[in-house]
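Participant: Shown below is the structure under consideration.
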Amino acid sequence: MAGSNLVTFIASLSQRQRLSRVRIHEFLLDWLGLHVSVGTINQCIHEAGRALSAVLPEIISEIRQAELLYADETSWKESKTALWLWVFTCATSTLFIVGRREKRIAQKMLCGFDGWLMSDGYRVYRDYEWRLRCWAHLIRKARGLAQSTEQQAQKFGKRTVNLLEMLMQSIYQARENTPKIDLDKQHVKKLNLFWKFCEAHWDCEHKKTKELAREFIHDWGAIWRILEYPSFPLTNNEAERALRHWVISRRISFGTRTAEGTAAFTSIASVIDTCYKRKVSPWKYITKVIKLRRKGLAVPPLPVVA
């Protein structure tokens, strides 16, 4: 009932412009004179998702071969079920998955991955030796403690913020200087003292202070690895930026309604963002995939980086 170009256009209105099925129906009628029922619009979006699911193995392969991978997750709803939207993104590909917030998801997606992993403090990532921790999360938590009225929390927060900001300046300077400065050895005494400081707050009565002290100890190697490799990123902003558009979409739509709708959403979102990562418009590629899948043919490879 709908050509492949129209299916792609409907998918773009839904996913990229965040329009509801009812608003898409209204838009097509008002601007193009097309009377497409809400049910048909829903079928078009699901067809695009099914077609693009055949592209996901290539995206997953790219993710697992990445030298540096960013991972993050945010809450998502499928009907009344509370789930999580996961993102794994690298220089050329982005993968979205909706599932529970559990170790199995990370293990499945990172099976065979042996590059560097940038993440927040979620404990499921601790299995990966070559990991970097996002400093933005740590600074945000420490500043919150520094503004506390509780004296112990305030002291811990201020000292943590001062240490992180001082080390950040050293990292920025190291990026500009040659030959390379061994920041790990240069700041070893400060780090040893901070380790003892965290240990002293392991059983702190103030809950947030105790949690941050334990977070530093649990993730000690991942947090300070940037001192060995100052050219690496300090934050997980790449993954957070990848989620931002879809977080706004979630607030508008309240998530997805069915498992099929969820699968369509993640497939389309993954291909759209992967194409944009490669500086290529996704819409011609998506149209081509839909045409070929309707004929039962294999999907074309992802566009090369422009």
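Participant: Could you tell me which residue of region 129-166 is farthest from LEU227 (Cα to Cα), considering only residues that are under 24 Å from the mean Cα position of the chain (by Cα) and not in a helix (DSSP H, G or I)?
Facilitator: Ranking the qualifying residues of region 129-166, first place goes to GLU129.
Participant: How many residues, within region 229-249, are surrounded by fewer than 18 Cβ atoms within 10 Å (Cβ to Cβ), assigned to a helix (DSSP H, G or I) and of a type outside the set (S, T, N, Q)?
Facilitator: Looking only at that region, the number is 5.
Participant: Quick check, is ILE63 more than 17 Å from LYS277 (Cα to Cα) and buried (at least 18 other Cβ atoms within 10 Å of the Cβ)?
Facilitator: So ILE63 fails the test.
Participant: On to the next question. Tally up the residues in region 28-57 that are of a type in the set (D, E, K, R) and touching a residue at least 12 places away in the same chain (Cβ under 8 Å), please.
Facilitator: Of the residues in that region, 2 qualify.
Participant: What's the total number of residues in region 148-169 that are out of contact with any Gly (no Cβ under 9 Å at 6 or more places or on another chain), in contact (Cβ under 8 Å) with a residue 24 or more places away in the chain and not aliphatic (A, V, I, L, M)?
Facilitator: Qualifying residue count for the region: 6.
Participant: Here's another thing I want to ask about it. Please identify the pairs in which a residue from region 200-221 that is in contact (Cβ under 8 Å) with a residue 40 or more places away in the chain and of a type outside the set (A, V, I, L, M) has its Cβ atom under 7 Å from the Cβ atom of a residue that is assigned to a loop (DSSP other than H, G, I, E, B) and surrounded by 14 or more Cβ atoms within 10 Å (Cβ to Cβ), counting only partners at least 6 apart or on another chain.
Facilitator: HIS206/GLU150; THR209/HIS201; GLU215/GLY121; ASP219/GLY121
Participant: While we're on this one: Specify the residue that is surrounded by the fewest Cβ atoms within 10 Å (Cβ to Cβ); the eligible residues are those in region 81-92 that are out of contact with any Lys or Arg (no Cβ under 6 Å at 6 or more places or on another chain) and not in a strand (DSSP E or B).
Facilitator: ALA91
Participant: Enumerate the pairs (first residue in region 1-12 and under 12 Å from LEU52 (Cβ atoms); second residue anywhere and small (Gly, Ala, Ser) and in a helix (DSSP H, G or I)) with beta-carbon separation below 6 Å, excluding pairs fewer than 6 apart on the same chain, so at least 6 apart or on different chains.
Facilitator: Going by the 6 Å Cβ cut-off, the qualifying pairs are VAL7/ALA48; ALA11/ALA48.
Participant: Can you work out which of the residues in region 250-278 that are of a type in the set (Val, Ile, Thr), crowded, with 21+ Cβ neighbours inside 10 Å and touching a strand residue (DSSP E or B) at 6+ places or on another chain (Cβ under 8 Å) is nearest to ARG133 (Cα to Cα)?
Facilitator: THR274
Participant: Scan region 167-185 for residues that are exposed (fewer than 13 other Cβ atoms within 10 Å of the Cβ), among the polar types (S, T, N, Q) and not in a loop (DSSP other than H, G, I, E, B) and jot them down.
Facilitator: Hits for region 167-185 are GLN169, GLN173.
Participant: Would you please name the residue that is nearest to GLU73 (Cα to Cα), looking only at residues in region 130-147 that are surrounded by fewer than 17 Cβ atoms within 10 Å (Cβ to Cβ) and free of Cβ contacts under 8 Å to residues at least 60 places away in the same chain?
Facilitator: ARG140
Participant: I'm trying to understand the selection: among the residues of region 187-213, which are more than 30 Å from the chain's Cα centre (by Cα), within 16 Å of GLN151 (Cα to Cα), assigned to a helix (DSSP H, G or I) and not aliphatic (A, V, I, L, M)?
Facilitator: PHE197
Participant: It is to be established whether one or more residues within region 100-119 are of a type in the set (Ser, Thr, Tyr) and either outside any strand (DSSP E or B) or modelled with pLDDT under 95 (or both).
Facilitator: no
Participant: Failed condition for GLU176, given (1) modelled with pLDDT under 95; (2) touching an Asp or Glu at 6+ places or on another chain (Cβ under 7 Å), with all others met?
Facilitator: It fails just one condition, (2).
The values are calculated or read from the model by the stated rules, or taken from the named source; none is laboratory data. These numbers come from a predicted model, not from an experiment. Methodologically, a virtual Cβ is constructed for each residue, glycine included, from the backbone with ideal geometry; neighbour enumeration extends over all protein chains shown.
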